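Quick notes on the structure that follows.
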Amino acid sequence: GAVIDERSFAKNKAAIDRAEADPTCTIVAGGSYDDSVGWFVRPTVVECTDPENEVFTTEYFGPILAVHVYEDDAYDAMLTQMESVSDYALTGSVISNDRAATAYTMEKLRYAAGNFYINDKSTGAVVGQQPFGGGRASGTDDKAGAPQNLLRWTLTRAIKETLVAPTDYTYPHMG
C-alpha cells in the first residue's frame with residue numbers, strides 16, 4: 001500500500017526493521033517496502049509475544065497490524081493491560097458472538113478508544129455518516145461530523161441584567 005509521503009514511509013520502514021530485529025516479534029506476512037517510485041509499504045502483520053512492545057503503543061499510520069496471542073484464561077488481565085498500555089486512544093474493535101463478553105469488553109475498554117467498533121473492522125468510519133475522533137494523545141475526543149463538535153468552536157457567555165436596582169446587599173435567606 002502507498003503511504004502519504006517520505007516521512008511516513010521512513011516511520012513504517014523503521015517499524016518493520018525494528019520488528020524484524022526484535023526477538024519477541026515475528027513478521028508473519030508482508031514486511032517489505034519500496035521507495036524507488038513513490039512510497040510503498042507492503043501490508044504487514046507482526047505477531048509479538050510482548051504485549052508492551054512499541055508495535056502496540058505507536059501510531060504508524062500505515063499498513064502494519066500488530067497481533068498478540070494470549071491464553072483464554074488471561075482475557076481479563078489482557079484487557080486490563082491493554083486499556084492503559086498506550087498514550088493513544090483513537091480506534092478499537094472487538095469481534096465476538098457472545099453479547100456478555102462484548103458488553104464486558106466495551107466497559108473495560110471504555111476510555112481506550114474514541115471510536116469503538118463491535119463485529120466490524122476498526123477502520124469503519126465513513127465521513128459524513130459516522131462521527132470520528134480519538135482521545136488521549138489521539139485528540140480531544142471531538143467527533144468530526146458530530147453536532148457536539150460545534151461546541152468546541154463556540155464561547156459560552158452568560159449575561160445577567162437587573163432592571164430594578166437593588167436596595168440592599170443581602171439575600172432573603174440571609175435574614
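Among the residues of this structure, Tyr111 counts as one that is exposed (fewer than 13 other Cβ atoms within 10 Å of the Cβ), outside any helix (DSSP H, G or I) and aromatic (Phe, Trp, Tyr). Kindly check whether there is at least one residue in the range 82-89 that is surrounded by 12 or more Cβ atoms within 10 Å (Cβ to Cβ), touching a Gly at 6+ places or on another chain (Cβ under 9 Å) and not in a helix (DSSP H, G or I). So far as the range 82-89 goes, yes, one or more of its residues are surrounded by 12 or more Cβ atoms within 10 Å (Cβ to Cβ), touching a Gly at 6+ places or on another chain (Cβ under 9 Å) and not in a helix (DSSP H, G or I).
Only one of the numbered conditions (1) surrounded by 13 or more Cβ atoms within 10 Å (Cβ to Cβ); (2) at pLDDT below 70 is not met by Ala137, and that is (1). Just one residue in the set Thr26, Thr102 is among the polar types (S, T, N, Q), outside any helix (DSSP H, G or I) and either under 21 Å from the mean Cα position of the chain (by Cα) or outside the structural domain of Ser138 (by TED's automatic domain parsing) (or both); that residue is Thr26. Picking from residues in the range 93-124 that are touching a Gly at 6+ places or on another chain (Cβ under 9 Å) and closer than 25 Å to Asp50 by Cβ, the one that is modelled with the highest pLDDT is Leu109.
The values are calculated or read from the model by the stated rules, or taken from the named source; none is laboratory data. On a predicted model such as this, the values are computed, not experimentally measured, just so you know. When we count neighbours, we look across all protein chains shown, and the Cβ atoms used for this are built from the backbone with ideal geometry, even at glycine.
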